[in-house]
Amino acid sequence: MTENDIPMVSFFKRLLDPAIILGLLYLVISTQHEVFTGDYLVLMIIAFFVSSFVYEQIDLYRSLHVGKQLAYAGDIIAGWAIVVVVLTLIAQGTGLRYELSDHVLWIWFGLAPVALLVSRLTVHLLAFNYAKDRQVRSAVIVGCNYSGVDILRRVTARNNPALDMKGFFDDRDDISRTPDLKSTYLGKIDAVAAYVRANKIKTIFICLPMSEHPGLMNLMEELRDTTASVYFVPDISTFDLIQARLDHVGGIPVIGICETPFTGLHSVVKRGSDIILAALIQIMLLPVMACIAIGVKMSSPGPIIFAQRRYGLNGEEIIVYKFRSMGVCDDGAVVEQAKKNDVRITPFGGFLRRTSLDELPQFFNVLQGRMSIVGPRPHAVAHNEMYRKLIKGYMLRHKVKPGITGWAQVNGFRGETETLDKMRSRIEFDLEYLRNWSLALDLWIIFRTIKEVLKKDAAY
């Protein structure tokens, strides 16, 4: 039993969050002896739709597990901060800002996340007290695998009191079964239906692999002769999951096995942080870039900017900019990676590559929306076509925009990858980034990048 199984929480998600926000605004207006004008009504309407959308995207209604209260509060505050920024921009752009009291707005901005957190904790306690008062449902697990282990862990947690797990069924012997499933072995799968009828089992979790099990259809037919609720929990642990989640496509429930982490609110956070950081960096480094451009032009003949075709989001070709560091501009079917003491690199270009200053024009790519500040480094098209045939899962790195720096680069894979094993390791770090993305990870990678660049020992 989770919070999402309880109608009260579903209602709370859809309506009460915005109602609390708007009610608090009205209360602040009243206590501060302000006149409730049409301008405040417009603000309320806008705040209702913005807060409803933001908190639906952020999905704050995960179960409150022990030790995660701070993360839960952080999500509430982060969501409210986004609402405040959006409302401020709208109010400033429309002139509504000048018709409202600063004092009222500041009090509202400060109290709203507190009110939301208190209300969430209250509904959490009410929901689970309600669940505890309900009749305990007996349950069994069919299939001994990691999905079954996960089900057992969640059911036996102290915040899931509504299920009484009796044990599990599996056709394998003790040696072959997953040792982590610490529950009573009840027999083979063909004995499930008889046990369910004899013991009046209310809930069955079928945790068999995502392949045709020889006895599955027979089992489902036999379970039709019972009143038990049957839940199929697919075993997807054998897949290399990238941001796996439940979703809907055209109203059809699906399980996303391989997906970009940047959907919904995450895409807004990622793009917003890219624009802000890229704009600030470009403004601060504009004099430096002007000096570099002069240095490139004076040090060797050729263009200042080197434009090369690379693969971007979803494997589509993009043009990536760099300050030219070589005497040639390779962008054909065969592109040779830069090596140590490469004769193609100009003296000034060597300095640019060691300090990574040649990458600065890529912040324009970020502002264009073709790249991100943090992400898998883009490879030349020729290299992509070569490595996608040699490395399994290589193209999965294109589920996100390429980055100026990345998780692989701060873990020692910056510069030339002269062996296939090194490239495989780089790709593993890229995929690990996709699995574990967060804004905090992006900021940590940026910090690590500055540290690595100052060492000046990996790029040439």
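Nothing in this text is a laboratory measurement; each read-out follows from the coordinates by a stated rule. Quantities reported herein were computed from a predicted structural model and do not represent experimental measurements. So basically every Cβ, Gly included, is an ideal-geometry build from the backbone, and we count neighbours across all protein chains shown.
When a/c is below 1.5 the answer is rounded, else prolate if a/b is larger than b/c, else oblate, so apply that to segment 374-460 with a ≥ b ≥ c taken from the square roots of the Cα gyration tensor eigenvalues. Write down the numbers at each step before the final one.
Numbers: a/c = 2.03, a/b = 1.26, b/c = 1.62.
Oblate, since a/c reaches 1.5 and b/c is not below a/b.
Amide H neighbours of residue 372 under 5 Å, counting only residues 5+ apart in sequence or on other chains, H built in-plane at 1.01 Å?
Here 403, 404 satisfy the definition.
Please give the length that would be gained between residue 77 and residue 390 if that part of the chain were fully extended, namely 0.36 nm times their separation in residues minus their C-alpha to C-alpha distance (nm, one decimal). All intermediate terms of the calculation are to be shown ahead of the outcome.
Details: separation 313, 0.36 × 313 = 112.68 nm, distance 4.52 nm.
Taking 0.36 nm per residue and subtracting the Cα distance, the gain is 108.2 nm.
Could you derive backbone 3J(HN,Hα) for segment 447-452 from the dihedral phi with the Karplus parameters 6.51, -1.76 and 1.60 (θ = phi - 60°), listing whole Hz in sequence and x where the residue is Gly or Pro?
Result, rounded to whole Hz: 4, 5, 5, 4, 5, 5.
Work out from phi, with θ = phi - 60° and the Karplus expression 6.51 cos²θ - 1.76 cosθ + 1.60, the ³J(HN,Hα) of each residue of segment 290-305, listed in order in whole Hz, and give x for Gly and Pro.
Rounded to whole hertz, the list is 5, 5, 5, 4, 5, x, 5, 5, 7, 7, 6, x, x, x, 6, 9.
Quick one: net charge of residue 394's neighbours, Cβ under 11 Å, K/R +1, D/E -1? Present the calculation step by step, with values, prior to reporting the outcome.
Numbers: positive: 388, 389, 392, 397, 424, 426; negative: 385, 428, 430.
Charge balance in the 11 Å sphere: +3.
For segment 368-460, which trypsin sites (Lys or Arg not before Pro) are in a loop by DSSP, counting at most 13 other Cβ atoms within 10 Å?
Passing both the DSSP loop test and the Cβ count: 389, 392, 456.
Can you work out the FRET efficiency for the pair residue 197 and residue 37, with r the C-beta to C-beta distance and R0 = 51 Å, to the nearest 0.05? List each step's numbers first, then the result.
Working: r = 67 Å, r/R0 = 1.32.
For residue 197 and residue 37, the calculated efficiency is 0.15.
Working from the alpha-carbon coordinates of segment 263-302, get Rg over Rh, Rh being the Kirkwood radius. Please list the in-between numbers first.
On the way: Rg = 16.0 Å, Rh = 12.3 Å.
In segment 263-302, Rg relative to Rh is 1.30.
What nm value, rounded to one decimal, do you get for the distance between residue 289 and residue 102 when each label is placed 7 Å out toward the C-beta?
So the two model labels end up 3.5 nm from each other.
What is the local net charge at residue 106, summed over the other residues whose Cβ is closer than 14 Å to its Cβ (Lys, Arg +1; Asp, Glu -1)?
Summing Lys/Arg as +1 and Asp/Glu as -1 gives -1.
By how many nm would the segment from residue 230 to residue 185 lengthen if fully extended, with 0.36 nm per residue of separation less the alpha-carbon distance?
Values: separation 45, 0.36 × 45 = 16.20 nm, distance 1.91 nm.
Full extension from residue 230 to residue 185 adds 14.3 nm.
I want the local charge near residue 185. Using Cβ-Cβ distances under 14 Å, sum +1 for each Lys or Arg and -1 for each Asp or Glu among the other residues.
Values: positive: 166, 172, 177, 182, 188; negative: 170, 171, 173, 174, 180.
Neighbour charge sum, excluding residue 185 itself: 0.
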